[in-house]
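Asks: Take a look at this one; I'll ask things after.
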Amino acid sequence: MVHGGVQREPERSSVEAKDVAVVFVVDDDISVRESLESLITWSGWRAETYESAQDFLARPRLTSPCCLVLDVSMPGLSGLELQELIAAERVDMPIIFITGHGDIPMTVQAMKAGAVEFLTKPINDDALLAAIGHAIERSKATLNTELDAEELRDRYASLTPRESEVMLLVVSGLLNKQVGMKLGISEITVKAHRGKMMQKMKADSLADLVRMSISLHLSPERNPWSV
């Protein structure tokens with residue numbers, strides 16, 4: 001392969017810059033694996049190659065930005081079968097398919113299942129590097145979303161049982177006085193719990209808190225004072 005221009009990665013946000021993106025290559029052709037490994041490494045990413053889908057599945061899950069360059073036709077599990085196995089639980093690892101004899105139905109099947117690109121051998125270096133760059137950016141975005149969701153769950157878990165009750169009633173639309181009546185506590189006590197709850201949740205407003213409750217899939221009580 002003739003190497004194209006160097007692919008540069010933009011600044012990371014939650015996913016730190018020290019996490020070098022990994023490009024997994026699964027292809028039963030050793031010459032393809034070696035060629036892709038050289039190209040990927042030269043372009044600034046880390047390459048890991050596997051000769052079968054089974055070998056790849058034996059590798060522990062990676063939580064850094066990554067993507068999978070996957071051959072369609074292989075002995076044992078095919079590329080499409082591997083995609084079917086991992087697509088639902090590995091949304092942070094976009095798949096780029098490569099094939100020597102792809103057809104339109106096969107391409108449609110792969111893309112519908114979430115593949116970011118479907119390239120035909122012999123592979124154009126620039127097209128592959130562009131596809132990898134896009135896949136890595138998508139992986140970063142997914143990982144950042146997962147990190148944000150995990151942090152939000154940790155914040156909610158830090159609430160006391162009473163603070164959780166107050167949060168559910170507040171996001172349902174109740175005023176402090178109404179929350180107090182519902183829980184059998186004073187309005188002043190409600191304000192104290194609400195203040196601590198807002199601080200722990202890092203919510204700047206009621207709108208922020210409502211958005212957080214939606215993200216947490218909470219089911220606030222229906223406001224009995226509403227129409």
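Asks: Between 101, 134, 217, which gets the highest mean-square fluctuation from a Gaussian network model of the chain, Cα cutoff 10 Å?
Replies: In this elastic network of the chain, the residue with the biggest mean-square fluctuation among 101, 134, 217 is 217.
Asks: Comparing 140, 182, 200, which has the greatest mean-square fluctuation in the GNM of the chain with Cα pairs linked when under 10 Å apart?
Replies: Evaluated over the chain, the most mobile residue of the options is 182.
Asks: With label points built 7 Å along Cα→Cβ from the Cα atoms of residue 57 and residue 84, find their separation and express it in nm.
Replies: 1.2 nm
Asks: Sticking with the crude label model, points 7 Å out along Cα→Cβ, report the distance from residue 46 to residue 73 in nm, one decimal please.
Replies: If labels sit at residue 46 and residue 73, their model points lie 3.4 nm apart.
Asks: Say each of residue 153 and residue 183 gets a label point 7 Å from the Cα, pointing the same way as Cα to Cβ; how far apart are those two points in nm?
Replies: 2.5 nm
Asks: Could I ask something else about it? Taking every DSSP beta bridge that has both residues in the chain, what percent is antiparallel when rounded to the nearest 5? Numbers along the way, then the final one.
Replies: Details: 0 of 18 bridges.
The answer is about 0 percent antiparallel.
Asks: Two-decimal Rg/Rh of region 22-145 from alpha-carbon positions, Kirkwood Rh? Before the final figure, lay out each step's value.
Replies: Values: Rg = 13.0 Å, Rh = 14.2 Å.
Dividing the radius of gyration by the Kirkwood radius yields 0.92.
Asks: On a full-extension model of 0.36 nm per residue, what is the gain between residue 214 and residue 144, subtracting their alpha-carbon distance, rounded to one decimal in nm? Each step should come with its number before you reach the end.
Replies: On the way: separation 70, 0.36 × 70 = 25.20 nm, distance 1.82 nm.
Full-extension gain reported as 23.4 nm.
Asks: Beta carbons within 10 angstrom, averaged per residue: use that to sort the peptides 201-207, 50-56, highest first. Could the numbers behind the result be given before it?
Replies: Numbers: 201-207: 13.3, 50-56: 17.4.
Ranked from most to least packed, the peptides come out as 50-56, 201-207.
Asks: Can you tell me the Rg and the Dmax, both Å, for the Cα atoms in the chain?
Replies: Looking at the chain, its Cα Rg and Dmax stand at 24.4, 74 Å.
Only the coordinates and a few stated rules stand behind these numbers; no lab work does. Keep in mind it's a predicted model, so treat the numbers as computed, not measured. Every residue, glycine as well, gets a Cβ built from its backbone with ideal geometry; the counts of neighbours run over all protein chains shown.
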